[in-house]
Amino acid sequence: MPESRTTDVLIAGQGAAAFAAALYTARYQINALIVGDRFGGETAIGGGIENYPGYPEIDGFDLMLKFREQVEKYDVPIVDAALTAVEDAGDCFNSTLSDGSTVRSGALIFAIGRERRKLNLPHEEEWTGRGVSYCSTCDAPLYRQKVAAVVGGGSAAVEGAILLGKYTTETYLIYRQDRFTRPEPVLVELLNQSKNVHVLFETEVTELVGDSLAGLEGIKISKPYEGRTELKLDGIFIEIGADPRIEIPQSLGVDLNPETNEVHVDRTMRTNVPGIFAAGDLTDGSGTLKQTITAASQGAVAALAAYQYVSENHKRCWQHEMGFDVEEGAAD
Ligand SMILES: Cc1cc2nc3c(=O)[nH]c(=O)nc-3n(C[C@H](O)[C@H](O)[C@H](O)COP(=O)(O)OP(=O)(O)OC[C@H]3O[C@@H](n4cnc5c(N)ncnc54)[C@H](O)[C@@H]3O)c2cc1C
């Protein structure tokens, strides 16, 4: 029989926003449960962090361990699973997890971040981790004295190419537009100073080349570079952005920001649906600045809003669980 739990607040995610939300809900003394399928979120795989206050330099994984340890001090249960579906039952939210268990909660905080965009080329998934990567900050050191390519033209792609340029013998930055418009000028200047980084404008990757044993060995490109339409590579880094994970919030009627497709929140991290809050990279709460600190701060703000909501409405969900009459005013 799959386990069934009841809590005041279900916090979905295991990144900076989720742990911060859990810390604050614990300190407000409401019951919370964290449900997340990958410990630490993007911070944990992002490599070194130099802009989280209080830590001049720390590995992202270690920073997330500290987040989790602080939450564990308050005995907030952490379930290593994904949220697969949520039903709004009026008095409670009924959530189903990937391990088959269910959770009833009076409120929800979505802190489930964003999904990296893919090129959707054959073998991309098969060779992920074997030459195909989505995180240059994480994997660049593995390409010392090797040849790599970065795909994209935003800040992440340019930063990735600069970083890879420090390790590789050659790095190609492949961008389908004819110039950079999104990265800060200072980044483009640094890129131009990277002697072994070659920028290929108006070029797309048309094929990943390799085999099932070796993984990725090269790519085919849409426009010849120095007479070649095939480049031999040890690795390719796909840095073409990320999409907020909106599927479950949307299924509950949560409004999105029409321009960014992110979950729309007010300044207390409330969505338009009573009892549903959101925090971190999933939301439009901090504009284009998506960082560990903004995610953590939104998690804290969401926890306060959830606490206030649960304080006003908490009896309904618990009463139902305990078999009481949940009609207005009953069992008060
Ligand atoms: C390569 C890279 C380098 C970065 N470097 C820095 C840096 O130096 N400094 C900085 O401040 N920021 C950096 N960032 C940004 C920072 O990592 C993010 O802003 C931050 O991780 C956002 O936190 P979050 O909690 O909103 O989302 P995430 O960290 O993405 O966490 C989302 C969590 O939700 C979980 N999840 C997803 N779907 C479900 C589901 N259905 N059910 C349950 N859980 C689910 C995920 O497994 C994950 O645990 C970097 C990001 C990247 C990609």
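Just so it is clear, none of the values below were taken in a lab; they were calculated from the coordinates. If you're wondering where the values come from, they're calculated on a predicted model, not measured in any experiment. Cβ sites come from the backbone with ideal geometry, for glycine too, and all protein chains shown count toward neighbours.
Summary table
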| item | result |
| --- | --- |
| The chain: relative contact order in percent, alpha carbon pairs under 8 Å with at least 6 residues between | 21 percent |
| Mean separation of Cα contacts under 8 Å (6+ apart) over length of the range 132-238, as relative contact order % | 31 percent |
| Test item: Cα-centred dipole of the range 132-238, Lys/Arg +1 and Asp/Glu -1 on Cβ, debye | 160 debye |
| Charge sum, other residues only, whose C-beta stays under 13 Å from Gly131's C-beta, Lys/Arg counted +1 and Asp/Glu -1 | -4 |
| Residue list for the range 45-75, given a label point 7 angstrom along the Cα-to-Cβ vector of Lys166 and an amide N cut-off under 14 Å | 47-51, 57-59 |
| Anisotropy class of the range 132-238 from Cα gyration tensor, a/c 1.5 cut | oblate |
| Total lysine pairs under 16 Å (Cα atoms) in the chain, excluding pairs fewer than 8 apart on one chain | 6 |
| Given charges at beta-carbon only (K, R positive; D, E negative), |dipole| of the chain in Debye | 880 debye |
